[in-house]
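The values are calculated or read from the model by the stated rules, or taken from the named source; none is laboratory data. For clarity, every value in this text was computed on a predicted model and none was experimentally measured. Cβ coordinates were reconstructed from backbone atoms using ideal geometry, including for glycine residues, and neighbour counts include every protein chain displayed.
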Amino acid sequence: MTLLKTTLLLIASNFFMLSAWYLHPRLKFLEGRTIALAILVSWGIAFFEYVLQVPANRIGVAGGISFYQLKFLQEIITLAVFVPFALLLLNEKLTWNYLWAALCLCGAAYFVFSGGFKGREHPRQEPHAAAVTEPDQTP
């Protein structure tokens with residue numbers, strides 16, 4: 001259930017992300033307007049991406065999905081959402097090289113998720129060499 005919730009939230013999040021990134025050049029009311037307005041409109045759209053993406057990542061991590069798995073899942077979903085988005089809203093063409101790349105992503109997904117969901121490993125915390133420490137006060 002964790003993977004399903006995380007995936008559905010990330011799919012919805014990606015629609016807003018792609019809209020924020022790629023739709024502003026096609027919005028008629030932005031034609032002839034400043035880049036600052038286009039940026040503000042994109043940020044407004046991207047807000048909804050974060051409203052969905054942040055809970056998706058929190059649910060995923062709490063459910064045992066590692067950060068590596070979340071990142072791969074995010075990228076696979078991004079491309080899975082982008083293809084119909086590009087075809088339908090951006091009028092882009094789909095070519096064989098993109099289909100072969102998608103097949104490679106399927107292979108990547110297999111390797112990333114074949115080990116199951118073990119969550120993050122918590123290695124013993126050693127102080128970092130650059131960490132601020134108190135000076136030794138022994139005489």
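A single entry from Leu99, Leu103, Leu40, Leu89 fulfils the requirement of being modelled with pLDDT under 90 and under 19 Å from His24 (Cα atoms): Leu89. For region 58-90, a residue qualifies if it is hydroxyl-bearing (Ser, Thr, Tyr) and either surrounded by 15 or more Cβ atoms within 10 Å (Cβ to Cβ) or over 27 Å from Gly116 (Cα atoms) (or both), and the qualifying residues are Ser66, Thr78. Applying the condition of being aliphatic (A, V, I, L, M) and surrounded by 11 or more Cβ atoms within 10 Å (Cβ to Cβ) to region 24-39 and asking which residue is nearest to the chain's Cα centre (by Cα) yields Ile39. Test Gly116 against the criterion of being surrounded by fewer than 15 Cβ atoms within 10 Å (Cβ to Cβ), at pLDDT 85 or above and not in a helix (DSSP H, G or I), and give yes or no. Considered against the rule, which asks whether it is surrounded by fewer than 15 Cβ atoms within 10 Å (Cβ to Cβ), at pLDDT 85 or above and not in a helix (DSSP H, G or I), Gly116 comes out as no. Tell me yes or no: at least one residue of region 43-57 is surrounded by 13 or more Cβ atoms within 10 Å (Cβ to Cβ), in contact (Cβ under 8 Å) with a residue 60 or more places away in the chain and aliphatic (A, V, I, L, M). The answer is no; no qualifying residue exists. For Pro127, the conditions (1) loosely packed, with under 10 Cβ neighbours inside 10 Å; (2) modelled with pLDDT of 60 or more; (3) in a loop (DSSP other than H, G, I, E, B) are fulfilled apart from (2).
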